[in-house]
Amino acid sequence: MLRLVTGDVAPYRPMALPVRARDLHVTLGGARILQGVDLDVRDGEMVALLGANGSGKSTLVKALLSVVPVSRGTVTLFGADVADRRHVPWRRVGYVPQRVGAASGTPATALEVVASGLLDNRRLRPPRGWREPAMSALDEVGLADRAHETVSVFSGGQQQRVLIARALVRRPDLLVLDEPLTGIDRDSQESLAATLTGLRERGTSVLTVLHELGSLAGLLERAVVLRHGRVVHDGAPPPAAAGHCGPEHEHHHAHEDVPVDPHNPELRLGLS
Ligand SMILES: Nc1ncnc2c1ncn2[C@@H]1O[C@H](COP(=O)(O)OP(=O)(O)OP(=O)(O)O)[C@@H](O)[C@H]1O
Ligand SMILES: [Mg+2]
């Protein structure tokens, strides 16, 4: 009984949270996109990031992963400050950006794109035995039978699923998804929900940008809602999240994505 008190209770270590952002400010092209965002994602938590078009959701996840520069505030991933990228355990992080093609003009096969998820800054070739985990990640997204086809012939939704497989092959402790449901059909959405259920059982933390909770509604117990670059809700998913969010009128939508190497954002992150 005593062990319960002395041995089994994990020490409170806020710095080791998968994600911890404090007073985060991001300015892009002279516009203030994020204005003082605080966000924690705890071990095993599944968090939806919601908000209208242009509210800053993608910018927030990019700032968390050090893809866009932070003008004020701090971000730590697993206790490591992303300002010094060398100390961040990038191998524990999987990232699926919003709507970038998996192809980017290269003749890589689906299997090769997935295997590229096993690369990091020390490893420019996939590790020995890479085929089996890469195949099983492709199987997870229902594309094992197309493993040897060039991704440039895949549909947008299929490319998205290849990118999800590439994030999964890392067996990440933190998975960051930016609009994973957009452009994928109902069956694929259900299979993504099943995949995330499996990840939850493994204790993986998930932060996912969404427009509507859709098939993930049962999984996501917490929602963070952004509005004009500020957190306006952090708690139970609001009922409105079941529907579709409208555009945020004040902002233009022209600069949707800053240039990220769409072929391998993880590698780009790891190399810096
Ligand atoms: N590189 C950039 N330069 C200037 N403005 C930018 C840049 N990147 C994003 N923005 C602007 O920042 C705002 C937030 O963009 P962001 O992509 O984070 O929104 P979002 O919430 O992800 O929207 P959506 O739901 O459409 O994906 C938008 O007004 C956008 O135009
Ligand atoms: Mg976005």
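The values are calculated or read from the model by the stated rules, or taken from the named source; none is laboratory data. Quantities reported herein were computed from a predicted structural model and do not represent experimental measurements. Backbone-built Cβ (ideal geometry, glycine too); neighbour counts: all protein chains shown. Calculation scope for accessible area: heavy atoms of the full protein, side chains included, ligands and nucleic acids excluded. Shrake-Rupley method; radii C 1.70, N 1.55, O 1.52, S 1.80 Å.
Here are some notes:
- Here the stretch 90-233 has 47 percent of its accessible surface on carbon and sulfur atoms, given a 1.4 Å probe and all protein chains in place.
- Taking only the Cα atoms of the stretch 10-97, the radius of gyration and Dmax are 12.9, 44 Å.
- In the stretch 165-228, Rg over Rh equals 0.94, where Rg is the alpha-carbon radius of gyration and Rh the Kirkwood radius from pairwise Cα distances.
- Sorting the segments 67-78, 145-156 by their residues' average number of neighbouring beta-carbon atoms within 10 angstrom, most packed first, yields 67-78, 145-156.
- Length gained on full extension, residue 42 to residue 197, computed as 0.36 nm times the residue gap minus the Cα-Cα distance: 54.1 nm.
- Two-site FRET efficiency, residue 230 against residue 16, from Cβ-Cβ distance with R₀ of 41 Å, rounded to 0.05: 0.95
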